[in-house]
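*Asks:* One structure is given below, represented as C-alpha cells, and several questions about it will come after.
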Amino acid sequence: MHHVLCTRSNLGNDVRCPVCGQGFLVFWYRLSRDEQDALRQPIARALRAQHAVNPAAAVGGAHPAEDFTVPHWTAAPELVAAA
Ligand SMILES: [Zn+2]
C-alpha cells in the first residue's frame, strides 16, 4: 500500500489544502499518473482532518511543520482493493 510523504511548500505544490489553501509537495514521483490522481482525494481528506483536530489554528497552521505521510487507511477503496 502506498504511504506518500507530504511536505509544506509555498514554492510549488502538487496538492492544495481544501480548507486553507496551503500548498503541499507530495513525494509520489514513483507512482503512475493514475495513482497520483487517485491519491489526491485521500490526501485532501487527510488535510481536512488536520483542521478538524486543530480548528483554532491560523491559516496553514493546522498542518504539521514537518513532513508527514498520508497512511493507507485514508486511501480510496479501489486502491486498497488493488494492493
Ligand atoms: Zn489547511
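Values quoted throughout were computed directly from the atomic coordinates according to the rules given, and no laboratory measurement underlies them. Only a predicted model underlies this, so the values are computations on that prediction, with no experimental measurement involved. Cβ atoms come from the backbone with ideal geometry, glycine included; neighbour counts cover every protein chain shown.
*Asks:* With unit charges on the beta carbons (Lys and Arg positive, Asp and Glu negative) and the dipole taken about the Cα centre of segment 1-43, which residue among T7, W28, P42 sits farthest to the positive side?
*Replies:* It is T7.
*Asks:* Now, a different point. Report the extension gain between D34 and A49 in nm, rounded to one decimal, defined as 0.36 nm multiplied by the number of residues separating them, less their alpha carbon distance.
*Replies:* That pair, D34 and A49, stretches by 3.0 nm at full extension.
*Asks:* Read phi for every residue in segment 4-13 and hand back ³J(HN,Hα) as whole Hz from Karplus 6.51 cos²θ - 1.76 cosθ + 1.60, θ = phi - 60°, with x for Gly and Pro.
*Replies:* Once θ is set to phi - 60°, the couplings for segment 4-13 become 10, 8, 10, 9, 5, 8, 9, 8, x, 8 Hz.
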